[in-house]
Every structure is written in structure tokens, then in C-alpha cells.
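Novice: Dropping the structure in here first, questions after.
Since every read-out is calculated from the coordinates, none of them should be taken as a lab result. Note that the coordinates shown come from a computational prediction; the quantities given were computed from them, not determined experimentally. Virtual Cβ from ideal backbone geometry, glycine too; neighbours counted across all protein chains shown.
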Amino acid sequence: MEEIQLGTTITAIKFAEGVIIAADSRTTIGQMIVNRVSDKLTKLYDKIWCCRSGSAAGKDNTQAIADVLRYYLSLYTIQNNQVPSVQIAANLASEICYQNKNFLSAGLIIAGYDQKKGGEVYSIPLGGSIHQQNIAIGGSGSSYIYGFCDKNFTPNMSKEEGIKFLKEAVSLAIKRDGSSGGVIRMVVITKDNIERLFFSQEDNTIPNL
């Protein structure tokens, strides 16, 4: 049986108050869509989240990577009596992906907010390298929106500007990439709050670009 693929468009940005992450919701087996409302945004620890792209089954299970990360971050808290930073979570994810690079087909974005450095975004592509960025995009749909992101992203966007930007970016990817689709899920992470957002064509909250 073919493995379940997350296909995917995953994105994350830093904005004035923290970070926003977003993703489409389509999963496929080969050419068949098996889930149009899957959740590719996973909470790792309090205000640290990851976006997952790649295979979601077998040895390449991206959800399993997230589960392992959750375990080690909880263990870090117990052993060190302190909350892990976003950078620590990203370094752990990078190490796991690198040590298993011959078996994994996974790209991750680790993003969140911590008290020392504020909002941070780390991209971990295939192979396990780690890149700290103000904006990160990944998955099969990312190749269709690099130009849009380069032109329209600006540092220190407001919350409303960031949500609008990511909604338009993922909408463009969904329109052009056959492996991306479904609804758009977002998580807004700030010092004081975590807010989950949901946009769909049915309620006309996805722009028709």
C-alpha cells in the first residue's frame, strides 16, 4: 500500500507580536485524496508548534516525529526545571531529522514564542539542516508561492496583516498545487495568547485569487 502523503503547503512568519503558522489540510495516497480536513499544525510544548510536511505513515511518520519531540521537551522541563526555548525544540527536531535522514521524508517548520527571544521561526527541510528565518514556507505547494512571498512579506506586520498575507499565500498554493487543498488552518502565537483560526471555501473565508 502506498504511504499517506501530506502533500502540503506549510508556512510560518514572525510578526510584530509573535508568530503565525498556517497550512492546507489535504492528505493523499498516490492520486487519491483520503482526507481533506487533516491538521498539519501540531503543538509541541505550550507556545511551541510545528508544521508537518512529507509522509504521514510507516517509517516516515511526521506525527511520530512530533510525538518524540513532545516527549523530549517535557523531559527537558523536568530535568532542567525550566521551559524549553523555541531554539531548543528546533535543534532537537533538526537532530532527529538528520540522524534519520536516510529513512525520513519529512520537512518541518518549528515556530513559537519564548520569554527570552520572543517569536522565532525555524525551517528544517529534508536532510535535517536548520535555518532561522522571518518567513518559512515548505511542502509541495511552496514552489508556487515564493514570488508572492518575496514581494508581499514585510517584517513586523500587524496580526491582521499577517493573517491576510498567509491566507492569500496558502490560497494561491491550493489553487495551483494538486497536492494541496481543503481548508486553511492557522495558529497565532503571542506572549499572552494562542489563537486557532480556520478558513474554508464553504464559508467564503478563503479568498478567490
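Novice: Please list the equivalent ellipsoid semi-axes of the chain, computed as the square roots of five times the alpha-carbon gyration tensor eigenvalues, in descending order and whole angstrom.
Specialist: 25, 22, 14
Novice: If you don't mind, another one. Mind putting a number on the dipole of the chain about its Cα centre? Charges go on the C-beta only, +1 for Lys and Arg and -1 for Asp and Glu, and I need it in Debye to the nearest 20.
Specialist: Taking the Cα centre of the chain as origin, the dipole is about 120 debye.
Novice: Right, here's the next one. With θ taken as phi - 60° and the coefficients 6.51, -1.76 and 1.60, list the Karplus ³J(HN,Hα) couplings across the stretch 33-41 in order, rounded to whole Hz; mark glycine and proline as x.
Specialist: Each residue of the stretch 33-41 in turn: 7, 9, 7, 9, 10, 5, 10, 9, 9 Hz.
Novice: Now for a separate question. Determine the calculated [θ] at 222 nm for the chain from helices alone, applying -39500 (n - 2.57) to every DSSP H run no shorter than 4 residues and normalising by the residue count; nearest 500 deg cm²/dmol.
Specialist: Calculated from helices alone, the mean residue ellipticity at 222 nm is -9000 deg cm²/dmol.
Novice: Give the residues of the stretch 94-134 whose amide nitrogen is closer than 14 Å to a point set 7 Å from the Cα of Leu75 in the direction of its Cβ.
Specialist: Taking a point 7 Å out along Cα→Cβ of Leu75, the residues of the stretch 94-134 whose backbone N falls under 14 Å are 95-96.
Novice: Under 24 Å between alpha carbons, and skipping anything fewer than 8 positions from Lys117 in its own chain: which lysines qualify?
Specialist: Lys14, Lys43, Lys47, Lys159, Lys191
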